[in-house]
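Comments concern the structure below.
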Amino acid sequence: MKPAPVLVAALLGFALITLDASVVNVALPAVGSSLGGGMTGLQWVVDAYTLAFAALMLSTGAFADRVGASRAYALGIGLFTLASAACGLAPNLPALIGARVVQGVAAAVVLPASLALVRQAYGDPARRARAVAVWAAGGSVAVALGPVAGGALTTAWDWRGIFFVNLPLGAVALALLVRAPRSRPGPRRSICRVRWRRW
């Protein structure tokens, strides 16, 4: 099995979730004109995503270890894509904020699972290091392109376009995932057992 499709799938998912952390900022005035709401409400469109993302990062990493990286990644990308559709179809600001929370939860699942996929696909340490570097660079480029992409999509289409563009990209990431190795779930360890081993 060639690991390149797995790397592309992981890179695409990582780029999607990092892009959504910055792409919305430019579109906030258009969101306000369309859905209303004051500056505080519009700021929550950004903060709802980042807070859910940051708050669940550690626990979702353990979840990916438990159920397997490929399964966790598929779940995260699927949920992120559905939440993106809900964002694009949001009839009001509270609905948009709620969908952004779900996006942040899904992104917290995708991040550790995507890195685990890359590590599993490359057995050779040198090739694995290069693949992880490509994966990290892709996320950095997505963050930098976020404001540019947000402005271009809002101008050419509408603010809803910044969310609808995630739908085909998410579908491509899921299609590439069929080439990923099915990782085995990790062992379930109770807190008491972990503490006993520490002693």
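Does the range 144-167 hold any residues that are assigned to a helix (DSSP H, G or I), free of Cβ contacts under 8 Å to residues at least 40 places away in the same chain and more than 17 Å from the chain's Cα centre (by Cα), and which are they? Break it down into steps so the answer makes sense when it comes.
Filtering the range 144-167 down to residues assigned to a helix (DSSP H, G or I) leaves 144-156, 161-164, 166-167.
Adding the requirement that they be free of Cβ contacts under 8 Å to residues at least 40 places away in the same chain leaves 144, 148, 152, 155-156.
Answer for the range 144-167, where residues must be assigned to a helix (DSSP H, G or I), free of Cβ contacts under 8 Å to residues at least 40 places away in the same chain and more than 17 Å from the chain's Cα centre (by Cα): Val148, Ala152, Thr155, Ala156.
Restricting attention to the range 182-192, does a residue exist that is among the hydrophobic types (A, V, I, L, M, F, W, C), at pLDDT 85 or above and assigned to a helix (DSSP H, G or I)?
Within the range 182-192 (the criterion being among the hydrophobic types (A, V, I, L, M, F, W, C), at pLDDT 85 or above and assigned to a helix (DSSP H, G or I)), the answer is no, since none of the residues qualifies.
How about the range 9-41: which of its residues are touching a residue at least 24 places away in the same chain (Cβ under 8 Å) and either charged (D, E, K, R) or open to solvent by 60 Å² or more (accessible area, probe 1.4 Å) (or both)?
Correct list: Asp20, Asn25, Val26, Ser34.
Residues to consider are Ala126, Ala136, Ala113, Ala95; find the one that is out of contact with any helix residue (DSSP H, G or I) (no Cβ under 6 Å at 6 or more places or on another chain), open to solvent by less than 50 Å² (accessible area, probe 1.4 Å), more than 30 Å from Gly32 (Cα to Cα) and part of a helix (DSSP H, G or I).
Going through Ala126, Ala136, Ala113, Ala95 in turn, the sole match is Ala136.
Within the range 17-42, how many residues turn out to be among the hydroxyl-bearing types (Ser, Thr, Tyr) and under 21 Å from Gly170 (Cα atoms)?
Initially, the range 17-42 is screened for residues among the hydroxyl-bearing types (Ser, Thr, Tyr), giving 18, 22, 33-34, 40.
From what is left, the residues that are under 21 Å from Gly170 (Cα atoms) are 18, 22.
Result for the range 17-42: 2.
Can you go through Val141, Val118 and tell me which one is assigned to a helix (DSSP H, G or I), farther than 15 Å from Thr18 by Cα, under 17 Å from the mean Cα position of the chain (by Cα) and of a type outside the set (S, T, N, Q)?
On inspection, the qualifying residue turns out to be Val118.
Residue check: is Gly104 closer than 17 Å to Val23 by Cβ, of a type outside the set (A, V, I, L, M, F, W, C) and open to solvent by less than 10 Å² (accessible area, probe 1.4 Å)?
Here the answer is yes, as Gly104 does meet what is asked.
Given the conditions (1) more than 21 Å from Gly138 (Cβ to Cβ); (2) modelled with pLDDT under 90; (3) among the aliphatic types (A, V, I, L, M), and given that Ala64 satisfies all but one, which numbered condition is not satisfied?
The single condition Ala64 does not satisfy is (1).
Any idea how many residues of the range 51-77 are open to solvent by 20 Å² or more (accessible area, probe 1.4 Å) and of a type outside the set (A, V, I, L, M)? Reasoning before the result, please.
If we filter the range 51-77 for residues that are open to solvent by 20 Å² or more (accessible area, probe 1.4 Å), which is where we start, we get 51, 53-59, 62-63, 65-67, 71, 74-75.
Retained after the next criterion (residues that are of a type outside the set (A, V, I, L, M)): 53, 59, 63, 65-66, 71.
Total satisfying the criteria: 6.
Taking Trp44 as meeting all but one of (1) crowded, with 19+ Cβ neighbours inside 10 Å; (2) assigned to a helix (DSSP H, G or I), write down the number of the exception.
Unmet condition: (1).
The values are calculated or read from the model by the stated rules, or taken from the named source; none is laboratory data. Since the model is a prediction, treat every value here as computed from it, not as a measurement. As a convention, Cβ positions derive from the backbone with ideal geometry for all residues, glycine included, and neighbour counts pool all protein chains shown. Keep in mind that these areas ignore ligands, DNA and RNA; they rest on the heavy atoms of the full protein, side chains included. Shrake-Rupley method; radii C 1.70, N 1.55, O 1.52, S 1.80 Å.
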